[in-house]
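Read the structure below first, then the notes.
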Amino acid sequence: MAESWSFLDTSEPDFRPLVVIELAKGTKEETVGWFTKRIVDKKADGGAQLLVKPLVTENGDENIYLVGASHLRLLLGAESVGLVKECNDNSMRTFTYSSRKTFKDFADDNHNFLTMAECQYIIKHELENLRAKDEKIIPGYPQAKLYPGKSIVRRLLTSGILVQIFPLHDREELKKLRHSWYGRVKVGYQPLDEIRCYFGETIALYFGFLEYFTFALIPMAVIGIPYYVFAWEDYDKYVMFATFNLLWSTVILEVWKRICAVMTYRWGTLLMKRQFEEPRPGFHGALGINPVTGREEPVYSSIKRQLRIYLVSLPFVCLCLYFSLYVMMIYFDLEQWALDYHEENESNFSSLMLFVPSIIYAVVIEIMNRIYRYAAEFLTSWENHRLESSYQNHLILKVLVFNFLNCFASLFYIAFVLFDMKLLRQSLATLLITSQILNQFAESLLPYWLQKRHKRKMKKHMCSLKTDTDLSIVGQVNLEKEMGTYLGTFDDYLELFLQFGYVSLFSCVYPLAAVFAVLNNITEIYSDALKMCRVYKRPFAEPTANIGVWQLAFETMSVISVVTNCILIGMSPQVNALFPDSKMDLVLTVALVE
């Protein structure tokens with residue numbers, strides 16, 4: 001590998017900008033010169049051996065830089081990150097520069113062998129692995145300390161010197177993708193391979209799971225419509241539907257594992273070796289030696305972290321759960337008030353008032369979920385986890401526990417304490433539909449409207465300029481740098497997780513839940529696609545082999561669903577009639593089925 005780097009020529013006759021670096025305005029020239037030199041320096045000298053070009057804006061500022069790389073540099077970078085590509089014999093192997101001729105579609109003059117998303121991922125990897133050598137501080141900023149092995153980019157970000165790094169959109173490819181993805185309303189599959197080539201495997205897998213889950217809901221919806229129509233007022237005839245629910249919630253997750261493995265094998269990420277995980281940017285502590293790598297890096301006591309988790313975070317989460325239950329009891333008081341009001345008046349208005357408490361409660365749930373999410377992020381960051389995976393696992397656990405209790409506690413209370421199937425149906429319908437409407441507005445419609453307004457302002461501004469710079473790239477960078485940043489698939493998976501809970505737990509008493517879920521997901525596919533292509537900056541591609549911890553989350557919900565539906569079946573009059581003398585036999589039978 002060392003010999004390969006020695007002959008690498010960093011020059012490129014046709015510079016192709018791939019990544020944008022925005023520095024803070026007024027960044028000292030000394031800092032800019034040092035940082036850009038580290039980017040273009042040879043690997044042997046501790047640089048990234050990339051290409052950098054300043055972008056001069058209409059104000060003459062040079063705080064924005066375009067980063068690219070030569071074709072040869074990208075190929076060697078593909079080897080260093082362990083990209084898996086298809087060979088001429090149709091097998092999947094880790095790409096190596098020495099055996100490049102054995103890979104399908106490879107040619108020395110074929111610059112499309114690596115997708116643009118893969119090229120940008122390689123550049124991001126190289127930039128993040130720029131590490132301090134002998135520097136003790138960032139030049140020009142004596143308060144920004146450095147130590148050997150520290151990631152330069154992460155230190156610049158935490159110091160506020162580096163504003164953001166983002167990959168550029170390919171406008172021609174994006175136009176083609178928009179047309180095939182959501183440009184026309186059609187019944188069919190999404191272009192997942194094209195999505196993967198443009199946005200990377202993590203986002204393609206989310207849309208693949210969203211599509212699969214939507215198709216998996218169709219049998220539930222098809223059975224649910226006649227079941228709802230012909231047994232509208234008979235809330236006890238749900239045994240067959242609950243039995244189907246038991247099988248459905250388990251089988252669809254097992255089938256998804258296979259579909260996911262097939263896709264990721266085809267994309268090459270199933271076989272990618274997991275790299276040694278570096279400390280996350282927010283991790284801090286006293287400087288020490290990592291016993292595995294031998295590098296200097298922050299060290300933080302695991303005992304202190306555990307004390308923070310169990311003495312602060314856990315009590316706070318418990319307090320939030322108590323508050324959620326307190327709000328739930330207020331909701332039931334409002335339900336009783338609405339029912340009493342309806343019994344006294346019995347008018348059309350009083351009938352509508354029966355739905356008001358549920359609607360208010362659904363809105364309050366969404367507000368509480370979002371406020372708690374910020375608190376959970378702050379607490380998890382304060383716990384000072386060393387690895388990003390550990391941070392994500394603790395954050396997801398906190399958010400899922402609260403969201404589960406906040407969204408489903410009232411339904412469990414109605415079903416197993418009040419035994420009121422009519423109220424359960426009404427509450428489930430209101431919570432499901434209201435949450436879907438609020439999510440569509442908050443996640444798609446509002447950001448799209450704000451971005452549309454910003455784009456109109458930018459076009460007027462660019463038309464008023466008179467400059468000799470390349471207006472197309474200047475306009476594109478200025479437009480994209482002001483776009484919102486896509487924060488990942490967390491919220492999208494969380495929405496699907498809660499929807500899966502509504503459908504799998506109690507849809508036997510409200511069979512139309514799956515119908516509304518299908519309709520929501522169809523619009524979700526189009527709105528999320530529009531959001532990715534028009535509202536947010538292009539995210540960096542992230543190779544992944546599965547949906548990660550969310551698979552475990554959905555499987556846990558599936559287990560809870562099995563328990564819930566078995567108990568509902570055991571509570572039904574039809575099953576109770578089979579055990580008129582011994583309730584213990586009924587309990588044992590339900591437990592056995594479970």
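Throughout, read-outs are computed from the coordinates displayed, never taken from laboratory work. None of these values were measured; they are calculated from a predicted model. Quick reminder, even Gly has a Cβ in these numbers, built from the backbone with ideal geometry, and neighbours come from all protein chains shown.
Over region 302-425, what is the relative contact order in whole percent, taking alpha-carbon pairs under 8 Å and six or more residues apart? Don't skip to the end; give the middle numbers.
Working: 59 pairs, mean separation 37.4, N = 124.
RCO, region 302-425: 30 percent.
Sparsely packed loop sites in region 161-260 (the trypsin sites (Lys or Arg not before Pro) outside DSSP H, G, I, E and B with at most 16 other Cβ atoms within 10 Å) comprise ARG184, LYS186, LYS237.
Between helix 356-382 and the chain there is an angle of about 40 degrees, using the helix long axis and the longest principal axis of the Cα atoms. Calculated from the alpha-carbon coordinates, region 141-221 shows an Rg and a Dmax of 20.4, 64 Å respectively.
Angle of helix 171-181 to the longest C-alpha principal axis of the chain, folded into 0 to 90 degrees and rounded to 10: 20°.
Just round it to a whole percent: the fraction of Cα-Cα distances in region 278-386 exceeding 20 Å. Roughly 61 percent, once rounded to a whole number. From the alpha carbon centroid of region 543-594 to that of region 385-419 is 19 Å.
What are the semi-axes of the equivalent ellipsoid for region 19-168, taken as the square roots of 5 times the Cα gyration tensor eigenvalues, largest first, in whole Å?
33, 17, 12
Which value, in debye to the nearest 20, describes the size of the charge dipole of the chain about its Cα centre when Lys and Arg Cβ atoms bear +1, Asp and Glu Cβ atoms bear -1, and nothing else is charged? It would help to have the intermediate numbers written out before the result.
Details: 60 positive and 64 negative charges, 351 e Å.
Rounded to the nearest 20 debye, it is 1680 debye.
Only Cα pairs under 8 Å and 6+ residues apart enter the sum, and on that basis the relative contact order of the chain stands at 19 percent. Axis of helix 29-40 versus longest Cα principal axis of the chain: the two differ by about 90°, to the nearest ten degrees.
If I take every Cα pair under 8 Å that is 6 or more residues apart in region 19-168, average their sequence separation and divide by the length, what percent do I get for the relative contact order? Intermediate values should be presented prior to the final figure.
Numbers: 226 pairs, mean separation 40.3, N = 150.
This gives 27 percent for region 19-168.
How would you classify region 83-177 from its alpha-carbon gyration tensor, with a ≥ b ≥ c the square roots of the eigenvalues: rounded for a/c under 1.5, else prolate if a/b is greater than b/c, otherwise oblate? Cα axes put region 83-177 in the oblate bin. Here are some pairs, LYS101/LYS176; LYS481/LYS531; LYS37/LYS150; LYS257/LYS398; which of them have Cα atoms lying more than 19 Å apart in this structure? From LYS101/LYS176; LYS481/LYS531; LYS37/LYS150; LYS257/LYS398, over 19 Å: LYS101/LYS176; LYS257/LYS398.
Using Cβ point charges alone (K and R +1, D and E -1), the dipole size of region 19-168 about the Cα centre works out to roughly 560 debye.
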